[in-house]
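Asks: Take this structure, written in structure tokens, and hold onto it; I'll ask about it next.
The values are calculated or read from the model by the stated rules, or taken from the named source; none is laboratory data. Remember, it's a predicted structure, so these values are computed and weren't measured experimentally. Cβ atoms come from the backbone with ideal geometry, glycine included; neighbour counts cover every protein chain shown.
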Amino acid sequence: MNIIRSGRLFEEAQKYIPGGVNSPVRAFKSVGGKPLFIKKGIGSKIYDVDGNEYVEYIGSWGPHLFGHNPPFIKKALLQAIENGTSFGAPTELEVKMAKLITEMVPSVEMVRMVNSGTEATMSAVRAARGYTKRDKFIKFEGCYHGHADHFLIKAGSGALTLGIPTSPGVTKANAADTLLADYNDIESVKKLVSANKGEIAAIIIEPIAGNMGVVAGSKEFLTELRVICNEEKIILIFDEVMTGFRVAKGGAQELLNIKPDLSTFGKIIGGGLPVGAFGGKKEIMEMIAPAGPVYQAGTLSGNPLAMAAGYAGLKYINDNPEIYKTLEEKSAYLEEGFRENLKEVNKNYALNRVGSMMCMFFTEKHVNDFQSAVTSDTGLYGKYFLEMLKRGIYLAPAQFEAVFVSTAHSTEDLDKTITAHLKALKAVLL
Ligand SMILES: *Cc1c(COP(=O)(O)O)cnc(C)c1O
């Protein structure tokens with residue numbers, strides 16, 4: 001594999017950009033490699049600056065449900081750009097977008113667009129605090145809600161991968177109002193709630209966690225969370241930045257049949273452009289300025305290009321709900337192939353999957369929370385990652401991330417991946 005140009009660019013990038021990248025996990029640090037610089041993506045494949053082709057499963061960390069650069073999103077973008085890039089004034093498409101989101105996700109009665117998942121979760125917690133007039137909130141160990149100060153406490157994703165789940169720069173005061181519970185452990189929540197009676201504004205959770213690898217919240221656990229929130233007048237926030245429009249048209253809340261008070265979105269909702277959104281019950285959302293006193297704003301929020309790409313994607317999903325059946329079939333096929341391979345190498349590694357989100361953990365423990373997830377051998381994952389890359393399969397350069405299957409992955413792609421998986425396992429284990 002020739003990666004000379006990527007190598008040169010990385011050398012230069014490190015001079016001008018911290019660590020050479022604009023988001024940490026991209027740097028391949030935890031897998032002991034050097035990042036590839038990508039030139040283009042088409043469907044299930046990406047191409048680096050040295051001309052290598054990869055079947056890839058990151059999908060820009062979630063947005064690309066239809067693979068790279070699907071023609072209908074490209075067309076929507078080209079049409080939108082004819083009229084200009086940004087006005088800082090309302091546009092018709094924002095209304096259509098908001099209406100479509102409320103139709104697809106019934107718990108969302110009103111929605112505000114922002115520019116990233118981080119902004120969405122940050123603003124949702126602020127809304128919950130403003131509405132309840134309480135300061136504290138509960139988050140779960142291993143869940144990632146973006147990089148706002150109060151979330152960077154035992155956080156997942158890159159923070160976990162790079163061993164900085166609780167970041168320097170986050171003040172004690174900021175951390176003090178963040179209460180930590182254990183995922184899938186209702187007793188840990190009950191303890192916090194009774195020790196902080198009447199002081200908790202919100203419980204925020206990834207209903208299907210995708211940032212400590214893939215770990216599904218059990219229906220029983222999440223149902224009990226809903227009950228506790230009702231009893232204690234705590235706002236339940238489902239962070240569906242990853243799961244929204246991925247696991248079902250209406251997100252994880254549709255699969256689970258549980259209605260949160262607020263939901264946050266990102267990734268797929270922007271069709272590959274920088275977008276996030278938060279929404280939910282009207283009476284909470286009407287707390288947001290200028291309807292109410294909770295301040296929230298954004299120069300580029302509801303940007304016409306982002307709305308065009310996002311709306312095209314959501315509309316496609318809404319008009320073609322059968323894509324979830326296709327995604328399930330493709331993902332199940334991949335999972336089955338991986339399971340066969342694991343049998344062949346005599347390993348009982350945890351392989352978690354919900355729809356098109358999947359993760360193989362290098363541990364034989366049952367993985368259902370943070371503690372079990374971190375029993376994975378991340379060194380082995382790094383070697384496996386590089387072996388896969390060598391065979392033209394581009395996975396997330398970190399153990400605690402998801403494999404995302406898109407509608408663009410062909411049977412040929414999946415077969416190639418399964419073959420590479422067996423060879424990679426053999427290479428790292430034998
Ligand atoms: C990606 C992600 C975020 C952060 O979104 P950004 O757009 O990276 O700020 C928040 N929550 C979850 C669950 C995510 O997966």
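Asks: Can you pull out the residues in the range 54-67 that are more than 16 Å from the ligand (Cβ to nearest atom) and either under 16 Å from residue 35 (Cα atoms) or surrounded by 22 or more Cβ atoms within 10 Å (Cβ to Cβ) (or both)?
Replies: 54, 55, 56, 66
Asks: What is the residue count in the range 411-424 for residues that are among the hydroxyl-bearing types (Ser, Thr, Tyr) and within 23 Å of the chain's Cα centre (by Cα)?
Replies: So the count comes out to 1.
Asks: Next up: Sort out for me the helices (runs of 4 or more DSSP H) sitting completely within the range 126-225 that have 1 or more residues that are outside the structural domain of residue 62 (by TED's automatic domain parsing), within 14 Å of the ligand (Cβ to nearest atom) and surrounded by 17 or more Cβ atoms within 10 Å (Cβ to Cβ). Write out each step before concluding.
Replies: Details: elements: 158-161, 172-176, 186-195.
Filter on the range 126-225 gives 158-161.
Asks: Only one of 308, 297, 312 is aliphatic (A, V, I, L, M), free of Cβ contacts under 8 Å to residues at least 24 places away in the same chain and away from the ligand (no atom under 16 Å from the Cβ). Can you tell me which? Write out each step before concluding.
Replies: Details: 308 fails: free of Cβ contacts under 8 Å to residues at least 24 places away in the same chain; 312 fails: free of Cβ contacts under 8 Å to residues at least 24 places away in the same chain.
Result: 297 is the single residue among 308, 297, 312 that is aliphatic (A, V, I, L, M), free of Cβ contacts under 8 Å to residues at least 24 places away in the same chain and away from the ligand (no atom under 16 Å from the Cβ).
Asks: Looking at the range 231-243, can you tell me whether even one residue there is among the β-branched types (Val, Ile, Thr), within 28 Å of residue 159 (Cβ to Cβ), away from the ligand (no atom under 16 Å from the Cβ) and part of a strand (DSSP E or B)?
Replies: Scanning the range 231-243 turns up at least one residue that is among the β-branched types (Val, Ile, Thr), within 28 Å of residue 159 (Cβ to Cβ), away from the ligand (no atom under 16 Å from the Cβ) and part of a strand (DSSP E or B).
Asks: May I ask you to list the residues in the range 248-270 that are within 12 Å of the ligand (Cβ to nearest atom) and either at pLDDT below 95 or touching an Asp or Glu at 6+ places or on another chain (Cβ under 8 Å) (or both)?
Replies: Once the filter is applied, which keeps residues that are within 12 Å of the ligand (Cβ to nearest atom) and either at pLDDT below 95 or touching an Asp or Glu at 6+ places or on another chain (Cβ under 8 Å) (or both), the range 248-270 yields 251, 252, 263, 264, 265.
Asks: Exactly one of these conditions fails for residue 181: (1) touching a helix residue (DSSP H, G or I) at 6+ places or on another chain (Cβ under 7 Å); (2) closer than 19 Å to residue 285 by Cβ. Give me its number.
Replies: Only one criterion is unmet by residue 181, namely (2).
Asks: Follow-up. Looking only at the range 108-123, which residues are part of a loop (DSSP other than H, G, I, E, B), more than 9 Å from the ligand (Cβ to nearest atom) and under 15 Å from residue 240 (Cβ atoms)?
Replies: Matches in the range 108-123: 108 only.
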